[in-house]
Amino acid sequence: MSSKAIKAKCLTALQLLTRMKAADDNGYAQCVTCGKKDHYKDLQGGHFIPRAHSKWSLDQRNVWSQCRYCNLWGMKSGGTAAQAYTVFMIDMFGKDFVDEMIRTKSEPVKLYKTDYEEILAELNEQLKVQEDRLNGAT
């Protein structure tokens, strides 16, 4: 499997993981931008810094549960969803960290196939923990 294919799997796993981590024991989570509550399977993992910017694309601090509307249309318009996401991020991590994310978003990061394989293995371990939690395993 190519590095590009493994990176895509990492992105998918990360987005699923962030939705699962945000979910309560019944599987429901909230959109961080509009507050809509839905099952984690019906939400999306929205990136604060767009995933095309490789510096933050696989950082869990950059990906949070969003409803489809906020993730697909609300963020692109630069409107209230983008503003709400910024406020959420500042509340979570502080303005200095958010400023750092924005300032460094385009810095190149070179990851190799083995890096992506390690990231995917770690994400899969974390997914298993969340699957067990949501399926009622102890």
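Observations
- For segment 25-62, a residue qualifies if it is without any contact (Cβ under 8 Å) to a residue 12 or more places away in the chain and either touching a strand residue (DSSP E or B) at 6+ places or on another chain (Cβ under 9 Å) or surrounded by 17 or more Cβ atoms within 10 Å (Cβ to Cβ) (or both), and the qualifying residues are Asn26, Lys37.
- Filtered residue count, segment 11-24, keeping only those that are within 15 Å of Tyr116 (Cβ to Cβ), surrounded by fewer than 22 Cβ atoms within 10 Å (Cβ to Cβ) and either of a type in the set (Asp, Glu) or touching a Leu at 6+ places or on another chain (Cβ under 8 Å) (or both): 2
- Considering Asp115, Asp96, the condition of being loosely packed, with under 13 Cβ neighbours inside 10 Å, over 16 Å from the mean Cα position of the chain (by Cα) and of a type in the set (Asp, Glu) is satisfied by Asp96 alone.
- Failed item in (1) at pLDDT 90 or above; (2) assigned to a helix (DSSP H, G or I), with Ala82 passing the rest: (1)
- Evaluating Lys110 against the criteria (1) within 26 Å of Gln130 (Cα to Cα); (2) of a type in the set (D, E, K, R); (3) surrounded by fewer than 17 Cβ atoms within 10 Å (Cβ to Cβ) leaves one unmet condition, (1).
The values are calculated or read from the model by the stated rules, or taken from the named source; none is laboratory data. The model shown is predicted, which means the values in this text are computed figures rather than measured ones. Positions of Cβ are backbone-derived with ideal geometry, glycine not excepted, and every protein chain shown enters the neighbour counts.
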